[in-house]
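Reviewing the structure listed below.
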Amino acid sequence: MELKRPEFIMFDYGQTLIKEGSYDGAAGFDRILRYALANPKGVTGADLQAEEEKLNAELGRFNPAVRQKRLTEISVESVNRYLFSKFGIEFPPETDLRDLEPEFWETANPCEACEGIAGLLEFLREEKIRTGVVSNISFCGKTLEKRIAGAIPNADFEFVISSCDYLFRKPCRHIFETALSKAGVTADKVWFCGDQFVTDIQGSSAVGMTPVWYKGALRYDSECKLTEGIEIYGWNELIDIIKSL
């Protein structure tokens, strides 16, 4: 495949822009329970996390055997509303559950920028190559934007798409087509960068984008083989590729 200089580069979020470590949902729930007006059953963060894990198992929500095949998203907001209602937990009437998401996420799952991503984004700005984010995530887009800005202060994406706001998950073509519509460009002018082979690489390729498989994060599927597109282990490699075009 002959590479053409991109007009727009879209990025996955997790393990592409941001590295996330271990997850402690109980700590996250304990953090936001401090804002509760009523907790009649004395429920703890550990109780809520245990109940959520049961629900996730029932729904197959994070089951690796089926997760990449599931094409619709369940939002954190919906799950939390169910959990809080079940246990009679009440927050101030003016509370938007989505506004509690950033504190929950930062407490449950600290993060840091992937090595070299800030330099790549600065380079793309200088080259006037536009950028956006398309993520399979249960947190809303507003929360995701705040998360990215906290880890990568120089990030300046034209849009940040969270699957929980748009119903569909990668690799479903609908979410990629939505991103193309927002960008106002055709797929052949777009590169899509991600770490997950099925959702990011196959999904973007299927709609005509040039896939960029970033393998420098914490995990990747080493059994999959790239047949077309770009494969890199560091973001400086992508800078060099673009410079060569």
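Could you list all residues from the range 73-92 that are under 20 Å from Phe139 (Cα atoms) and assigned to a helix (DSSP H, G or I)? Once the filter is applied, which keeps residues that are under 20 Å from Phe139 (Cα atoms) and assigned to a helix (DSSP H, G or I), the range 73-92 yields Val76, Glu77, Ser78, Val79, Asn80, Arg81, Tyr82, Leu83, Phe84, Ser85. For residues that are under 20 Å from Glu237 (Cβ atoms), outside any helix (DSSP H, G or I) and open to solvent by 50 Å² or more (accessible area, probe 1.4 Å), tally how many sit in the range 113-138. Result for the range 113-138: 2. Scanning the range 139-154 for any residue that is in contact (Cβ under 8 Å) with a residue 24 or more places away in the chain, assigned to a helix (DSSP H, G or I), within 24 Å of Leu245 (Cβ to Cβ) and among the hydrophobic types (A, V, I, L, M, F, W, C) turns up nothing.
Whether a residue is surrounded by 14 or more Cβ atoms within 10 Å (Cβ to Cβ), of a type in the set (Gly, Ala, Ser) and under 21 Å from Glu145 (Cα atoms) was assessed, and Gly45 does not pass this test. Annotation: of all residues in the range 66-104 being of a type in the set (A, V, I, L, M) and within 30 Å of Gln202 (Cβ to Cβ), the one that is surrounded by the most Cβ atoms within 10 Å (Cβ to Cβ) is Val76. Checked across the range 181-189, the condition of being closer than 25 Å to Glu77 by Cα and either in contact (Cβ under 8 Å) with a residue 40 or more places away in the chain or in a loop (DSSP other than H, G, I, E, B) (or both) holds for at least one residue. Collect the residues in the range 153-198 that are β-branched (Val, Ile, Thr), out of contact with any Pro (no Cβ under 8 Å at 6 or more places or on another chain) and open to solvent by less than 30 Å² (accessible area, probe 1.4 Å), keeping them in residue-number order. Within the range 153-198, Val160, Ile161, Ile175, Val185 qualify. Taking the criterion of being open to solvent by 20 Å² or more (accessible area, probe 1.4 Å) and closer than 22 Å to Val190 by Cα, the only residue of the range 139-152 that qualifies is Glu145. Pairing each residue of the range 221-234 that is of a type in the set (Gly, Ala, Ser) and modelled with pLDDT of 85 or more with any residue that is open to solvent by 50 Å² or more (accessible area, probe 1.4 Å) and assigned to a loop (DSSP other than H, G, I, E, B), provided the two are 6+ apart or on different chains, yields C-beta distances under 8 Å for Gly229/Met1; Gly234/Glu115. Answer yes if at least one residue in the range 131-152 is under 22 Å from Gly203 (Cα atoms), among the β-branched types (Val, Ile, Thr) and over 12 Å from the mean Cα position of the chain (by Cα), and no otherwise. Taking every residue of the range 131-152 in turn, at least one turns out to be under 22 Å from Gly203 (Cα atoms), among the β-branched types (Val, Ile, Thr) and over 12 Å from the mean Cα position of the chain (by Cα).
The values are calculated or read from the model by the stated rules, or taken from the named source; none is laboratory data. Given the structure is predicted, the values throughout are model-derived calculations rather than measurements. No Cβ is skipped: glycine too gets one built from the backbone with ideal geometry, and neighbour counts run over all protein chains shown. Side chains are part of the model used for accessible areas, which takes the heavy atoms of the whole protein and leaves out ligands, DNA and RNA. Shrake-Rupley method; radii C 1.70, N 1.55, O 1.52, S 1.80 Å.
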